[in-house]
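As structure tokens, the structure follows; a few thoughts come after it.
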Amino acid sequence: MTNTPLLELKNLTTVFPTRRGLVRAVADVSLSLAQGELLGIVGESGCGKSVTMLSILRLISTPGRIAAGQALFQGRDLLKLSDGAMRQIRGKDIAMVFQDPLSTLNPAFPVGEQIRESLRIHHIAQNHFAREKERVIELMSEVGISSPTDRFHEYPHQFSGGMQQRALIAIALACEPKILLADEPTTSLDVTIQAQIMDLMRRINEARGTAIVLVTHNLDLAAEFCQRIAVMYAGRLVEIGTTDQVIETPQHPYTRGLLTCIPRISAQRTRIEPIPGNVPDLANVPPGCAFAERCSEMQPICQNDLIPFFEIAPGHLVRCLRHSSATPD
Amino acid sequence: MKAIKILERVLTTIPIMFGVAIIVFFFIRLTPGDPVDIMLGRSAAASQREIEQLRHQFHLDEPLHVQLGYFLGDALRGNLGYSYIRNKPVVDLLVERLPATIEMTIGALLISLIIALPIGILSAVRQNSLLDRLSMAGAFLGISMPGFWLGIVLILFFAVYLQILPAQGRISYDVELQEVTGLYVLDSLLTGNLPALKDSLLHLLLPSITLGAGVAAIIARVLRSSMLEVLRSDYVKLARAKGATEWDVVMKHALRNALIPTVTVVGLQVGVLLGGNMIVETVFSWPGLGRLVVDAIFNRDFPLIQGAVMIYAITFVLTNLVVDILYTYLNPKITL
């Protein structure tokens, strides 16, 4: 890991105007990603993890917009680039793998063609068809699609779910991006296929040094795959640290809640403990800690002001006043 | 493989046409009004003998099933009978009138597509913009305006007031044109006759707009709503994430999928165009099938009605076939 981050989010805020008011789907998120790093972003549905990814690529659909912050890629703020310059980055430097492979592949075009499009857009093979096709077949076998020459002309509906996800990964890898944003890449797949896909992503990371951001609601999956984990709640990051720090010594009550509600197969019978209460309405997040209402250790002061991050160990940041004795970051 | 499937589909039209023929045959005869009475002007002057003679001549004195036998037997040999009123073989009448109707239908379809495709796409891409609101208001007008009214207004404005377009007919009397197919625009192209091309196109313009306006409105609305749906899809997001230009995203990834429901609607609208012909042909004195059929119905000209309905039925069946074939190209999940 080098010291200058490959990607750095600074106070990124993305909002969606709704009838109920302004929804801050991503609120003040700061995060960095080093070259070749495996970073996990964990949180429950609707906590803003996917919107964070889409914000990096500036793919927020209207009326949503990025209201504040910076997204520095190799020092350049992506949010300030022209549309044309941004298109140069999308797919080439930063690629994305989406959640539901069947709906993400275009039903009207053959899979091979859709992979080839990535090459063509970024002129990877000088727009030379035979060379592009050769590269696509290479990519298809690299991600584990068997008999790629035959499957080049097949349509998405002729692929199984696992193969569709592999095809999506091939699309993302086509231009050898520096960062792969994987948004719940295995959620719609069964467990064996899930393991294969995660294995594939790990190999890509090792072979090419591609940094991967894994967005998932599955803390176990993130723990197994990532070097660092960021936990998100109601649009805010609440805890960031190395996987060991977050999993072994979770400091935020929300992280601990997430860890106790994962079922485990072990000799000991332990009860799964759900976190009481509901996620606050994002259009109306209470001041102070967003988790306060559900927190067993809540103190009156928690609901007053926005809680800053406290660094409790090198690289381990927690947004919780129980650590106010530590230095605010 | 595809060619064999298409041939199969073409062959299945034969029993369909057979069924249509039988149904039409009985339904016309169920309508009140006797063709012989109408032919003889319902005047008392016609003697009973004359009436009997005419009935016999047209086989109208035979039982229905025998009449049906004559009709089907003749039809199989390509003879659709003899028009009671016009004293001409029905086939000749249809061949004479059909090209004019086909020409106007194609003209109306082209005009409606030229209007509807860009409007449908643009108003989806710029949803809720001024352009979108104006187009959808325009589409509402297009659907609401009756063809005879729009036709008259267009004639008043362009032919009477501005005097830049002809008010009626398919071609001016002083323009020479050698007929090949009966489609005047095509014929002038085939014979390299530029003055006739210009003249026939000008004649075609107002009727096509009149006939196509409602259809354009419907196509634009359907295309807009399916584009809106498709533009929100994951694969459009993926196309953007790949770095595709907005043009490629809209015209390639989105449009291709949005066309699937649109093609169905266009196919159905061809039927509407054929039906609408009758009114527009009357307004523009267009010598097509529509007016012929209206006359035939008023006069209970059984053979002519039967022949014309058969033509409409064939057109429907063939249009459906074309739609189905287009479908297989647009949506790879569907095979013939």
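Computed from the C-alpha gyration tensor, the three semi-axes of the ellipsoid equivalent to the stretch B:90-330 are 36, 21, 18 Å, from longest to shortest. So, counting K/R as plus one and D/E as minus one, what does the shell of residues with Cβ under 14 Å around A:LEU181 add up to? Residues close to A:LEU181 contribute a combined charge of +4. FRET efficiency for the pair B:GLU246 and B:GLN168, taken as 1/(1 + (r/R0)^6) with r the Cβ-Cβ distance and R0 = 30 Å, rounds to 0.05.
Using R0 = 41 Å, the C-beta based FRET efficiency linking B:GLU8 and A:ASN11 works out to 0.05.
A straight line joining the Cα centroids of the stretch A:222-265 and the stretch A:287-305 runs 19 Å.
Do any of B:LYS5/B:LYS237; A:LYS49/A:LYS92; A:LYS178/B:LYS237; B:LYS88/B:LYS198; A:LYS10/A:LYS49; A:LYS80/B:LYS237 go past 25 Å between their Cα atoms, and which? From B:LYS5/B:LYS237; A:LYS49/A:LYS92; A:LYS178/B:LYS237; B:LYS88/B:LYS198; A:LYS10/A:LYS49; A:LYS80/B:LYS237, over 25 Å: B:LYS5/B:LYS237; B:LYS88/B:LYS198. Assuming charge only on the beta carbon of Lys and Arg (+1) and of Asp and Glu (-1), the dipole of chain B about its Cα centre is about 1380 debye to the nearest 20.
The Rg/Rh ratio of the stretch A:38-156, with Rg taken over Cα atoms and Rh as the Kirkwood radius over Cα pairs, comes to 1.01.
A full extension of the chain between A:ALA195 and A:THR260 corresponds to an added length of 21.1 nm, given 0.36 nm per residue minus the alpha carbon distance. Of all DSSP beta bridges confined to the protein assembly as shown, the antiparallel ones make up roughly 60%.
What FRET efficiency comes out for A:ASP244 versus A:GLN35 if R0 is 22 angstrom and r is the Cβ-Cβ distance? Round to the nearest 0.05. E(calc), rounded to 0.05, equals 0.55.
Here the stretch A:72-133 yields Rg over Rh of 1.04, to two decimals, using C-alpha coordinates and the Kirkwood radius. What whole number of Å gives the distance from the Cα centroid of the stretch B:301-336 to the Cα centroid of the stretch B:3-41? One Cα centre to the other: 15 Å. Of the peptides B:177-184, B:29-36, A:32-39, the order by per-residue mean of other Cβ atoms within 10 Å, starting with the highest, comes out as A:32-39, B:177-184, B:29-36. Annotation: amide H-H contacts under 5 Å for A:LEU6 (H modelled 1.01 Å from N, sequence separation of 5 or more, or interchain): A:LEU33, A:ALA34, A:GLN35. If you split all Cα-Cα distances of the stretch B:16-121 into 5 Å bins from zero, what percentages do you get per bin, shortest first? Percent of Cα pairs in each bin: 2, 9, 14, 17, 16, 12, 9, 7, 6, 4, 3, 1, 1, 0.
Taken along its three principal axes, the alpha carbon spread of the protein assembly as shown comes to 119, 56, 53 Å, from the longest extent down to the shortest. Net charge within 13 Å of B:MET136 by Cβ-Cβ distance, Lys/Arg positive one each and Asp/Glu negative one each, not counting B:MET136 itself? Counting the neighbours of B:MET136, the net charge comes to +3.
Backbone phi angles across the stretch A:198-215, fed through the Karplus curve with coefficients 6.51, -1.76 and 1.60 (θ = phi - 60°), yield HN-Hα couplings of 5, 4, 4, 5, 5, 5, 4, 4, 6, 6, 10, x, 6, 6, 10, 9, 9, 9 Hz in residue order; Gly and Pro are listed as x. Ratio of Rg to Rh for chain A: 0.99 [Cα atoms; Kirkwood radius as inverse mean 1/r over pairs].
Among the residues of A:99-106, the average count of other protein chain beta-carbon atoms within 10 Å of the residue beta-carbon is 4.
Only one residue of B:HIS203, B:MET1, B:TRP286 has its Cα farthest out toward the positive end of the dipole of chain B, where Lys and Arg carry +1 and Asp and Glu -1 on Cβ, and that residue is B:MET1. Taken residue by residue and averaged, Cβ atoms of other chains lying within 10 Å of the Cβ of B:226-238 number 4.
Distance between the C-alpha centres of the stretch B:247-291 and the stretch B:126-177: 16 Å, rounded to the whole angstrom. Toward the positive end of the charge dipole of the stretch B:90-330, with +1 on the Cβ of Lys and Arg and -1 on the Cβ of Asp and Glu, the farthest Cα among B:LEU274, B:GLY142, B:ILE155 is that of B:GLY142.
A dipole drawn for the stretch B:1-127 from +1 and -1 charges on Cβ atoms has a positive end, and of B:ALA116, B:GLY78, B:VAL20 the residue lying farthest that way is B:ALA116. Residue by residue, the stretch A:218-229 carries 3J(HN,Hα) couplings of 9, 4, 4, 4, 5, 4, 6, 9, 9, 8, 10, 10 Hz when phi is fed to the Karplus relation 6.51 cos²θ - 1.76 cosθ + 1.60 (θ = phi - 60°); x denotes Gly or Pro. Only beta bridges with both residues in chain A are counted; by DSSP, about 60 percent of them are antiparallel. Remark on B:LEU165: its backbone amide H falls under 5 Å from those of B:ALA159, a criterion applied only to residues 5 or more positions apart or on other chains, H modelled at 1.01 Å from N. Each of A:SER45 and A:HIS123 was given a label point 7 Å from its Cα along the Cα-to-Cβ line. The distance between the two points is 4.4 nm. Counting only Cβ charges, +1 for Lys and Arg and -1 for Asp and Glu, the dipole size of chain A around its Cα centre is about 560 debye. Computed about its Cα centre, the charge dipole of the protein assembly as shown is approximately 820 debye, with only Lys, Arg, Asp and Glu carrying charge at their Cβ. A simple spin-label model places the labels of B:LEU110 and B:ARG126 2.8 nm from each other, with each point 7 Å out along Cα-to-Cβ. The mean number of Cβ atoms from other chains found within 10 Å of a Cβ in peptide B:243-250 is 4, as a whole number.
Note on A:SER147 and A:ARG322: their simple-model spin labels are 5.8 nm apart, each label 7 Å out from Cα toward Cβ. The string of couplings for the stretch B:157-165 from the Karplus curve (6.51, -1.76, 1.60, θ = phi - 60°) is 6, 7, 9, 8, 7, 7, 6, 10, 10 Hz, one whole number per residue in order, with x for Gly and Pro. Quick one: which residues, 5 or more positions from A:ALA68 or on another chain, have an amide H under 5 Å from its amide H? H modelled 1.01 Å from N in the peptide plane, none for Pro or chain starts. Placed amide hydrogens put A:THR13 under 5 Å from A:ALA68.
Quick note: the coordinates plus some simple rules give every number you see, no bench work behind them. Note that the structure is predicted; figures quoted are calculated from it, not measured. Don't worry about glycine lacking a Cβ; one is built from the backbone with ideal geometry, like all the others, and counts go over all protein chains shown.
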